[in-house]
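For reference, the structure discussed in these notes is given below.
Bear in mind that the values in this text are calculations on the coordinates, not laboratory data. Keep in mind that what you see is a predicted model, and the values were worked out from it rather than measured. Cβ: placed from backbone, ideal geometry, glycine included. Neighbour counts: every protein chain shown.
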């Protein structure tokens, strides 16, 4: 089924964005900085891919799940979307870990409930 891989990436991206917005981890407190970090991370990973493709290390596999559009030789359209998702996911996980590690011990968050 063509496009299923791209659809899965976009659904996963939406899920991470919902978690991010719900807990105010990256996008809500600093939208410009979040966009910059994701763009820089995506650009770095695309450059990494370009080097890998040029040296013959990375090759595009044949899958019926791809849309079938290549933006460069051996670089399907799904790759930059996945790299953007990966950069955003790393940022959200970092922000969540930082929040957990800096929270005062024993503090009950308003969203959680204490067990009886």
Residues satisfying the stated conditions in the stretch 51-78, i.e. in contact with a strand residue (DSSP E or B) (Cβ under 8 Å, 6 or more places away or on another chain) and not in a loop (DSSP other than H, G, I, E, B): 53, 70, 76
Check whether at least one residue in the stretch 100-114 is surrounded by 14 or more Cβ atoms within 10 Å (Cβ to Cβ) and either touching a helix residue (DSSP H, G or I) at 6+ places or on another chain (Cβ under 6 Å) or in a helix (DSSP H, G or I) (or both), and report yes or no. no
Does the stretch 29-36 contain any residue that is in contact (Cβ under 8 Å) with a residue 24 or more places away in the chain, in a helix (DSSP H, G or I) and in contact with a helix residue (DSSP H, G or I) (Cβ under 7 Å, 6 or more places away or on another chain)? yes
